[in-house]
Amino acid sequence: MKVFIQNETGSFVRHDYNEKTLELLGESRVSRAFPFPYGFLLDTTAPDGDNVDCFVLTSKRLRTGQIVDCEPLGLMEKIEDGEEDHKVLATLYGEEGTLDDQARKILTEFETHVFDHILGKTIVLGAFHGREVALRYVEAHASS
């Protein structure tokens, strides 16, 4: 699967894209630095109408605008303002990747607090799932 990198590790800047055309629409600041490269899967449509979101669990430096080949590791359930906004968790193609307790803790902290600056924003995190659930989620949301 191909992932478009929207936000770099360590950045407090969130880049907003038209996820279908890859046109940069603007930038905003978030309350927590991105713990991993973050973006979206090309050729997918999530329930919110955007592409399926994705964290790439890697220590490699990935840049905004870069497109990388990835493999799914898992899925993190998330409901944002009452709407499904699950995150695929992936690793770079050919890299050994694991979704361990430390990664879960980092992702939970980030997702719980990334929008602290927005009054009234509600985030509810659910379970973490493994590779098979992530694969089914990606397949179910692939564009025809």
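Only helices enter the 222 nm calculation for the chain: every DSSP H run of n ≥ 4 contributes -39,500 (n - 2.57), and dividing by all residues gives -5000 deg cm²/dmol, rounded to 500. For the set LYS78/LYS121; LYS87/LYS121; LYS20/LYS60; LYS20/LYS87; LYS60/LYS121; LYS2/LYS60, the pairs lying more than 21 angstrom apart at their alpha carbons are LYS20/LYS60; LYS60/LYS121. Please work out the Cα center distance from the range 129-144 to the range 37-76, rounded to the nearest Å. Taking the Cα centre of the range 37-76 as reference, the centre of the range 129-144 is 13 Å away. Shown here for the range 74-142: GluC sites (Glu not before Pro) in loop regions (DSSP other than H, G, I, E, B) with at most 11 other Cβ atoms within 10 Å, namely GLU96. Applying the criteria of a DSSP loop state and at most 14 other Cβ atoms within 10 Å to the trypsin sites (Lys or Arg not before Pro) of the range 1-101 yields LYS20, LYS60, ARG61, ARG63.
Which shape class, rounded, prolate or oblate, goes with the range 2-140 when its Cα gyration tensor gives a ≥ b ≥ c as root eigenvalues, a/c under 1.5 marks rounded, and past that a/b bigger than b/c marks prolate?
It is rounded, given that a/c, with a ≥ b ≥ c, falls under 1.5.
Bear in mind these aren't lab numbers, they're just calculated from the coordinates by the rules spelled out. What you are looking at is a predicted structure, and each value in this text was computed from that prediction instead of being measured. In this analysis, Cβ positions are derived from the backbone assuming ideal geometry, glycine residues included, and neighbour counts consider all displayed protein chains.
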